[in-house]
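A.B. asks: Take this structure first; my questions come after.
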């Protein structure tokens, strides 16, 4: 890989251990993927910001780098943490979880990261523009930034995102190159997609078939909402490793499906009708018992519009005494919810806000074991997909109105 | 015992040998594997309930969570990770985790490793040369 004089200098150790280690990581990745050189990046979204995702080894690595006093070159936002910094006791996290997480978050902050732990940084001010090269982690956010915004990122893991924040560079390969952004697989949607979770079902179904290939969708309404696209991308990235999708007449990089394929034929054409929608939805519901222990809305983190809808459904209602209703969002979105009066309605009904974290990145497996929690209802295909493996909870999956009804009745019917 | 030698592409240097465990699935090392014991936890996965710890793990590619890089590194540090990795194509999240954890990794072999290698075969990875040797059992 070609390195500039400055990069050679960074790699030599003359600019300190953290810069050297970062360049080592970026050069190693660049060589694996035959990158010809690096390109500058000024925007990073950092995965591995939770102690659950970083593990002891990853946390120690980040803290060791931070201890050198290095500062981030790139504007850097953080993925969810393992705790809600205000309500962690109420949710069931331990003193040890809180201590370890605060230490890790502080390490990131000391290097210059913005302390708003969220998987939807595009709702809270990190909004790359079309064709901008960035280095983002968080599979759902990667698919959003590549597809909906048209910016360019590879699937960055924690160490490479950290290296890019410090070095202000990323190797030029993969989704940074025009030729890797074309459509590969055509998906013709004929099913009527109504709720956000229908888009999750679509993403879950297609992700499993197309693995990492870029899908191109036709038949999706042009008034599809930002939350629906968020759910589609999150599910595509969970069941497959999709980092980029195109939607005819919706996403900014293409004007038509034909243009997305650059005059090549699709490798495969899938039909997504009523039957496929039903199949995908049933596949995501694994729980046997009708009793619900946890209901979670907000994977990826809720927008203010989704919180408004939850508040509407919970007006003058009470969450069943056996159920924990978790509403996950960014802390800055919750501030807005406070101002709008939604928080009061949700908390009065017995719902619990989980800010800066989520069941996937919090130590929910430990909480479930300790408190005997077995089942979870959610409107998120991503969370339903990971619930057993990551949280040891059996998922029920359906639209948010159904999830809220289950929270009130204590049963999934 | 006949030995099959396949040439491929070096992802992470180093040498590793051991018993192979093979799946056609892609793997998310965050949310799909328990880092404490290396057991695959993804619901419905071909290897659900089986351990990858100390094995030569042969799988399609990485998928899902970008937390997978630190999780693979964490497993390598704990001694619960795979000894070596063979992929059709190694995705960036797995590659970065394998680099950090010094797990010898090879991809793009001249023949499909998911067809040539069976679970239980003895496999030797030479990451430096990008070569895999397979002893059928």
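A.B. asks: Other chains' Cβ within 10 Å of B:25-34 residues: what's the mean?
C.D. replies: Counting Cβ atoms of other protein chains within 10 Å of each residue's Cβ and averaging gives 6.
A.B. asks: Then there is this: When averaged across all projection directions, what area in nm² does the alpha-carbon convex hull of the stretch A:182-283 cover?
C.D. replies: 5.5
A.B. asks: Sticking with this structure for a sec: Given 20 °C and 1.002 mPa s, how large is the Stokes-Einstein diffusion coefficient of chain A in µm²/s, with Rh as the Kirkwood radius over Cα pairs?
C.D. replies: Calculated translational D: 98 µm²/s.
A.B. asks: Which whole-number percent is the relative contact order of chain A (Cα, under 8 Å, 6+ apart)?
C.D. replies: Answer for chain A is 17 percent.
A.B. asks: Need one value for B:72-83: mean number of C-beta atoms belonging to other chains within 10 Å of its residues' C-beta atoms.
C.D. replies: Across the residues of B:72-83, the mean count of other-chain Cβ atoms within 10 Å is 3.
A.B. asks: May I pose another question? Percent antiparallel among DSSP beta bridges with both residues in the protein assembly as shown, to the nearest 5?
C.D. replies: Roughly 35 percent of the DSSP beta bridges within the protein assembly as shown come out antiparallel.
A.B. asks: What is the ratio of the Cα radius of gyration of the stretch A:226-314 to 2.2 N^0.38 Å, with N the residue count, to two decimals?
C.D. replies: Scaled against compact globular proteins, the figure is 1.41.
A.B. asks: In square nanometres, what is one fourth of the surface area of the convex hull spanned by the alpha carbons of the stretch B:3-135?
C.D. replies: Projected area, direction-averaged: 6.3 nm².
A.B. asks: If you don't mind, there's one more thing I want to ask. Find the relative contact order for the stretch A:294-409 and round it to a whole percent, using C-alpha pairs within less than 8 Å whose residues are 6+ positions apart.
C.D. replies: The normalised contact order for the stretch A:294-409 reaches 33 percent.
A.B. asks: Which angle from 0 to 90°, rounded to the nearest 10, does the C-alpha axis of helix B:68-78 make with the longest principal axis of chain B?
C.D. replies: 80
A.B. asks: Next up: Ignoring everything except DSSP H segments at least 4 long, calculate the 222 nm mean residue ellipticity for chain B; use -39,500 (n - 2.57) per segment, divide by total residues, nearest 500.
C.D. replies: Result for chain B: -4500 deg cm²/dmol, rounded to the nearest 500.
A.B. asks: What is the log10 of I(q)/I(0) for the stretch A:294-409, computed with the Debye formula using one identical point scatterer on each Cα and no solvent, at q = 0.15, 0.22 Å⁻¹?
C.D. replies: -0.58, -1.26
A.B. asks: Can you pull the mean other chain C-beta count within 10 Å for peptide B:126-134?
C.D. replies: Across B:126-134, the average partner-chain Cβ count within 10 Å equals 0.
A.B. asks: May I pose another question? For the stretch B:73-137 and the stretch A:124-190, write down the distance between their C-alpha centroids in whole Å.
C.D. replies: 26
A.B. asks: In deg cm²/dmol and to the nearest 500, what is the mean residue ellipticity at 222 nm of chain A if only DSSP H runs of at least 4 residues count, each as -39500 (n - 2.57), divided by the residue total?
C.D. replies: The per-residue figure over chain A is -12000 deg cm²/dmol.
A.B. asks: The stretch A:5-178: Rg/Rh from Cα coordinates, Kirkwood Rh?
C.D. replies: Using Cα coordinates only, the ratio equals 0.98.
A.B. asks: How high is the relative contact order of chain B, given as a whole-number percent (alpha carbon pairs under 8 Å, six or more residues apart)?
C.D. replies: Relative CO of chain B lands at 38 percent.
A.B. asks: Can you compute the modelled spin-label distance between residue A:12 and residue A:60, with each label point 7 Å from Cα toward Cβ, in nm?
C.D. replies: 3.2
Read-outs throughout are calculated quantities, based only on the coordinates presented, and are distinct from any laboratory measurement. Model, not experiment: these values are computed from the prediction. Methodologically, a virtual Cβ is constructed for each residue, glycine included, from the backbone with ideal geometry; neighbour enumeration extends over all protein chains shown.
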